[in-house]
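Data block below; observations after.
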Amino acid sequence: MAIIEMKNLWKEYGDQVVLERLNATVQEGEFVTIVGASGCGKTTFLKMLLGTEEATRGEMLLDGQPLPPEPDDSRGVVFQRYSVLSHLTALDNVMLGGELQSNRWLGISFGKQRRKLRKEALAMLESVGLDQAADKYPHELSGGMQQRLALAQALIKKPRILLLDEPFGALDPGIRSDMHKLVLSLWKEQKLTVFMITHDINEGFYLGTRLWVFDKPRLDPQAPGAYGACVTYDLPVGDCQTGTLTSINESVDNTSRAIDRF
Amino acid sequence: MKKFINRRPASAASWALGMLPFVLLLIAYMLASDARLAENPNDKLLPALDTFVQAIDRMAFEPSKRTGEYLMLNDTLASLQRLAIGVGISALVAVMVGIGNGTIPLIRATFSPLVTGLSLVPPMAILPVLFIVFGLGELAKVMLIIIGITPFMIRDLQQRALEIPAEQIIKMQTLGANTWQIITRLVWPQLMPRLVGVVRLSLGPAWLFLIAAEAIAATEGLGYRIFLVRRYLAMDVILPYVIWITLLAFAIDFILSRYSQWRYPWFHGGKS
């Protein structure tokens, strides 16, 4: 069953076209990585999935229904930064989702409910390897640990789709490959549907089941905003011909140079 | 030899350097005082140190001959009570309006211009209005403090609430939070250390407004006493009172700063 459907989706700001003619269907359990030049609408697309931006034309369906126009608990998200709440310990961050649900007024849980949430949160922290850091505040954790905490916090809500906005962009290469393993294992275990934006095309080819390249097939070098980006490549990962990577790279580089001049 | 800009004092030297201006000021005062008293033993402008001791003893440790009260204690309690009520109410109003304005666009659109406008009214200029409207009692003095410091506290907290990263507000929503929960679990707790910070900043102006109000209409209070004894050129009372007010202000500031570090380690830890 298709979890996300896009039908001729457009996004424009005034006369600047950001995205045009997006048509795609994503099945449950797919892991879509999205690459493309900066300014090609990758983040705008993620915001549309998240509900903080709305399409100007076309429609986006989640489970056959129009996507709610504001963020809610059907979609989890991990940003590059500020994903976890700085005033809560790791454990409280992971318990937060359950607490908000259990008490609609204060968002604080008590007694038996609290012990249950605590147990679940500790198990979740253990699965991302943070059980030793449960009582630490985010500022006491390294960048990689903060992102693992953000994953745990998002996944404990069991969202229909998980959105990752360059979650590993600020991490060291070694930590980054550990995080890849973690994300892949969580994705398999929990049968998640994932959309991940990345700057790194190699990361896009390594992770996931499907690679989208956002690029501008029509590019007016005098007015890069005149035409929008769309999905120029939609490839099953691990099934691409030699030379595809090179040609994607060249095209994306050209676009980013054109955008960068303005 | 390092360049001057790169030379740093060791911690002991740093202390000594910090104390040096205080010691120098004290010595300068004593020299000036001695010089004036040698010329005229009845000079009131720069009293000798033992005159201060007598004045402090008279004001703080002997019951007043007229009323039987300890004047300095009474003055201190009266002033601190006004200060606490004024700053407390201001903090409460500021945190509520600041959160509303900073978090909810519809409220911000409605009230933010009003707050900006009010914060530009010079409080001392409407002091007569306060005395007319609220009489000469406690209320007028507390109101002056409130009117003086609340607008800028609101503006500060509103700004801090706006600085909460959009990512965290979106994150709360993806965890299922409604608007009220975003306030109780994200905005309120994140603004608490900022509130302590803005209260610390507001204490300077709060003392100013308190003393101004007491100078004009009061029957006790630190500011009242200073302005009362001014008529007799009683520098031996005024200067100890000024130093006492300074010490009180320092103590309150110190306690608030320590409280914030103890209570909100995540706020202070993130910066170090």
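Can you find, among B:60, B:48, B:133, the residue sitting farthest towards the positive end of the charge dipole of chain B, where Lys and Arg contribute +1 and Asp and Glu -1 at Cβ?
After comparing all options, I get B:133.
From Cα pairs below 8 angstrom and at least 6 apart in sequence, can you work out the relative contact order of chain A, rounded to a whole percent? All intermediate terms of the calculation are to be shown ahead of the outcome.
Working: 479 pairs, mean separation 70.3, N = 262.
Reported as a whole number, the value is 27 percent.
I need the Debye-formula profile for chain B: one equal scatterer per C-alpha, no solvent, reported as log10 I(q)/I(0) at q = 0.11 1/Å, two decimals.
-0.84
With label points built 7 Å along Cα→Cβ from the Cα atoms of residue B:232 and residue B:125, find their separation and express it in nm.
Calculated label separation equals 3.9 nm.
Which order do you get for A:206, B:70, A:233, B:264 if you rank them by accessible area with a 1.4 Å probe, largest at the top? Can you show the working numbers first?
Numbers: A:206 130, B:70 95, A:233 65, B:264 20 Å².
Ranked from most to least accessible, the order is A:206, B:70, A:233, B:264.
Along Cα→Cβ, 7 Å out, is where each label goes; now give me the distance between the ones at residue B:39 and residue A:142 in nm to one decimal.
7.2
Give the angle, between 0 and 90 degrees and rounded to the nearest 10, that separates the Cα long axis of helix B:235-263 from the longest principal axis of the Cα atoms of chain B.
30
What order do you get for B:161-174, A:80-93, A:215-228 when each peptide is scored by the mean count of other beta carbon atoms within 10 Å, highest first? Intermediate results must be reported in sequence, preceding the final value.
Numbers: B:161-174: 19.2, A:80-93: 22.0, A:215-228: 15.8.
Going by the mean number of other Cβ atoms within 10 Å, highest first, we get A:80-93, B:161-174, A:215-228.
Alpha carbon centre of segment B:1-70 versus segment B:111-158: separation in Å?
36
Based on the mean of other beta carbon atoms within 10 Å per residue, what is the order of A:133-142, A:29-38, most packed first? Walk me through the numbers on the way to the answer.
Details: A:133-142: 16.7, A:29-38: 21.8.
For the peptides A:133-142, A:29-38, the packing ranking is A:29-38, A:133-142.
What's the Cα-based Rg to Rh of the protein assembly as shown, Rh via Kirkwood?
1.13
Treating the angle as unsigned and between 0 and 90°, give the value, to the nearest 10°, between the Cα long axis of helix B:71-103 and the longest Cα principal axis of chain B.
Approximately 20 degrees, to the nearest ten.
Mean Kyte-Doolittle of at least -0.5 and a Cα length of 30 Å or more along the axis: which whole DSSP H helices of chain A meet both? Mind showing how you got there, number by number?
Working: long enough: none.
The answer is none, since no helix passes both cut-offs.
Quick one: if the Förster radius is 56 Å, what FRET efficiency do residue B:188 and residue A:250 give, using the C-beta to C-beta distance and rounding to 0.05?
Values: r = 51 Å, r/R0 = 0.92.
Approximately 0.65, to the nearest 0.05.
Under 18 Å from the Cα of residue A:11, which lysines turn up, not counting those fewer than eight places away in the same chain?
A:42, A:47, A:216
For peptide B:178-189, what's the mean number of Cβ atoms from other chains within 10 Å of each residue's Cβ?
4
Averaged over peptide A:135-144, how many Cβ atoms belonging to another chain are found within 10 Å of each residue's Cβ? Don't skip to the end; give the middle numbers.
Working: counts 0, 1, 5, 3, 8, 4, 0, 0, 0, 0.
Neighbouring Cβ atoms belonging to other protein chains average 2 per residue here.
Cα to Cα, under 20 Å, and not fewer than 8 places away if on the same chain: which lysines meet these conditions relative to residue A:191?
A:157, A:158, A:181
If the cut-off is 18 Å between C-alpha atoms, which aspartates and glutamates fall inside it for residue A:136, apart from same-chain ones fewer than 8 positions away?
Hits, sequence-local ones excluded: A:92, A:120, A:126.
The values are calculated or read from the model by the stated rules, or taken from the named source; none is laboratory data. What you see is a predicted model; the values in this text were computed from it and never measured. Every residue, glycine among them, receives a Cβ derived from its backbone with ideal geometry; neighbour counts consider all protein chains shown. What goes into the accessible areas is simple: the full protein's heavy atoms, side chains included, and nothing from ligands, DNA or RNA. Shrake-Rupley method; radii C 1.70, N 1.55, O 1.52, S 1.80 Å.
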